[in-house]
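**Student:** If you scroll down you'll find the structure; I have some questions about it.
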Amino acid sequence: MKGVRVCVRDCSSHTLIVWVMACLLFIPGVGLGLTDRIIAVVNKEVITWSDLDKEIQDEYKRLTAKYHGEELDRRYHQKQREVLNKLIDDRLQIQEAQAKGVTVTQDEIDEALRRTPLPPTQTEEEFGHQMLLKKLFDFEIRRNIVVEEEEIKRYYDANPTLFLTSPHYRLKQCLIAGKEGVERERAKNKVQTMYAAWTPNTSLEDLATSRFEQVHELGWVRENELLAPLRQVVKELKPGHISAPIETPLGFHLVMVEEIQQPQPLPLEAVERDIRGMLTKQRSEEAYRNWLADIKQKAFIDVRLK
């Protein structure tokens, strides 16, 4: 060790830098981009540590923000395996596309990018890669999936609760407006006093009039037409009852459900397209899993990630 220290003192600054760089080349895991290793072989192609590192960087940042110590190590190693498996799957599919003569031209990429701008986190090469995988999926899987009319009808008959209209509510409300500061605090106190004074024998109109407020008829509305804070409350209200005060950016609401129209069955014609899409998706996913498993079984895959 004394000899090394003497050598460093005697070397010029340029020679010192070269010496340090040479030493670092032999330190495993130093992130200088100077070392790499094969972590998987897929038929005749290799996947390197740098390939995996590129794909997992963003996920690693998310993990380090949430976990530490042994839990971070465990989750990171698990994520490494997941990402490596995806890289292997992608490599197998690209090889299959090449074998089948499935390609994506630059003109196709340009045309797609005119319709869909390139996301800032994605390169054009990665975009083309996704297009190729989708084209292969359509060629190998999607075009062979057929859903017959009889199957759609059977699914519709077997799942009646899935195809109902949303409930309709006939509502009225008293809104105590108050957007911020003292005005909002006054509105809050007033609506709490009104709610405490209400009884089942008191109409919302009488309650509002006694506090110099007005009641507004909202008419028939669906759940998805209501503000989110109102939606859940209305679903749980019984006709003729008012809600506890509901706070929204507008102020504080007292809502009464006057009448409920229960969900009704949707006609088959209204949901046929949705059912066909759902059944097609289910079958496509199952066919894809079987197809990929078959390719894997026939391939040479050597995983060297420790």
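**Student:** Tell me whether the stretch 197-212 contains one or more residues that are closer than 22 Å to Pro249 by Cβ and loosely packed, with under 12 Cβ neighbours inside 10 Å.
**Tutor:** Checked against the condition, which is being closer than 22 Å to Pro249 by Cβ and loosely packed, with under 12 Cβ neighbours inside 10 Å, the stretch 197-212 yields no hits at all.
**Student:** What pairs come out if I take residues in the stretch 106-124 that are under 24 Å from Glu55 (Cα atoms) and pair them with residues that are not hydroxyl-bearing (Ser, Thr, Tyr) whose C-beta lies under 6 Å away, six or more apart or interchain?
**Tutor:** Once the first residue is under 24 Å from Glu55 (Cα atoms) and sits in the stretch 106-124, its partners that are not hydroxyl-bearing (Ser, Thr, Tyr) give Ile109/Gly128; Leu118/Phe127.
**Student:** Would you be able to say whether some residue in the stretch 285-295 is small (Gly, Ala, Ser) and over 30 Å from Thr199 (Cβ atoms)?
**Tutor:** The answer is yes, given that some residue of the stretch 285-295 is small (Gly, Ala, Ser) and over 30 Å from Thr199 (Cβ atoms).
**Student:** Another question, if that's okay. Are there helices (runs of 4 or more DSSP H) fully within the stretch 49-165 with at least 1 residues that are surrounded by fewer than 12 Cβ atoms within 10 Å (Cβ to Cβ) and more than 21 Å from the chain's Cα centre (by Cα)? List them.
**Tutor:** 69-100, 106-115, 124-140, 149-158
**Student:** Hey, another quick one. From the set of residues in the stretch 279-302 that are in contact with a Lys or Arg (Cβ under 9 Å, 6 or more places away or on another chain) and either of a type in the set (S, T, N, Q) or modelled with pLDDT under 95 (or both), which is nearest to Phe139 (Cα to Cα)?
**Tutor:** The qualifying residue nearest to Phe139 (Cα to Cα) is Ser284.
The values are calculated or read from the model by the stated rules, or taken from the named source; none is laboratory data. Just so it is clear, the structure is predicted and the values come from calculations on it, not from any experiment. Every residue, glycine among them, receives a Cβ derived from its backbone with ideal geometry; neighbour counts consider all protein chains shown.
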